[in-house]
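Take a look at the structure below.
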Amino acid sequence: HVQLVESGGGSVKAGGSLRLSCAISGDTTSNYCLDWFRQAPGKERVPVATIFTGGGETFLDVSVEGRFTISLDNDKNTLHLQMNDLQPEDTAMYYCSADVNPGSADSGLACYIRARLRDPDFWGRGTQVTVSS
């Protein structure tokens, strides 16, 4: 069992930055996938950034590549999403998630593909990000 708690959301003007954090606790002893998803009102919940804890390889969706960075603290208990040059289309509820049994996934890209195909095992409750023009 894994628990995740997001923080760091807020309101910012276009071009601004926010840094989200996700506190991780529970059974995280093996290599697994950690993800950031987002969901805007009336839209699907979609992954935007992933990291594989074994080796720290990351992957960013094209919608955020070059602006967002996903990272994991050395103790592997805090996940971050640094969001720069925020735009109104980034407005959404942001969720962190964990897939502790990722099958053959062993890279950030593999974690992203898996996140696109199925729901991860565990979710946080989300933190709101609002970007005004």
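Gain in length, Asn84 to His1, computed as 0.36 nm per residue apart minus the alpha-carbon separation, to one decimal in nm?
26.7 nm
Relative to the first principal axis of the alpha-carbon coordinates of the chain, what is the inclination of helix 108-117, with its axis defined by its Cα atoms, in degrees from 0 to 90 and to the nearest 10?
80
Show me 39-45, 17-23, 99-105 ranked by packing, highest mean number of other Cβ atoms within 10 Å first.
Highest to lowest by the protection proxy: 17-23, 99-105, 39-45.
If you roll a 1.4 Å probe over region 82-133 with all protein chains in place, what percent of the accessible area is carbon or sulfur?
The computed percentage sits at 46.
Against the 2.2 N^0.38 Å scaling, with N counting residues, where does the chain land? I'd like the Cα-based Rg ratio to two decimal places.
Computed over Cα atoms of the chain, the ratio equals 0.97.
Counting heavy atoms of the protein chains only and a 1.4 Å probe, report the per residue accessible area for the chain as a whole number of Å².
Value returned for the chain: 50 Å² of accessible area per residue.
What 222 nm value per residue comes from the helices of the chain, counting each DSSP H run with n ≥ 4 as -39,500 (n - 2.57) and dividing by all residues, nearest 500 deg cm²/dmol?
My calculation for the chain gives -2000 deg cm²/dmol from helical runs alone.
Which listed residue (Gly8, Cys22, Ala92) has the Cα farthest towards the positive end of the charge dipole for the chain, taking +1 on Lys and Arg C-beta and -1 on Asp and Glu C-beta about the Cα centre?
Towards the positive end, the residue furthest out is Ala92.
Distance from the Cα centre of region 116-133 to that of region 49-86, in angstrom?
For region 116-133 versus region 49-86, the Cα centre distance is 14 Å.
Measuring from label point to label point, each 7 Å out along Cα→Cβ, what is the Ser71 to Gln39 span in nm?
Label-label distance for Ser71 and Gln39, simple model: 2.9 nm.
The values are calculated or read from the model by the stated rules, or taken from the named source; none is laboratory data. All values derive from a computational prediction rather than experimental measurement. Note that we place each Cβ from the backbone using ideal geometry, even for glycine, and neighbour counts take in every protein chain shown. Protein only, heavy atoms only, side chains kept; ligands, DNA and RNA dropped before computing areas. Shrake-Rupley method; radii C 1.70, N 1.55, O 1.52, S 1.80 Å.
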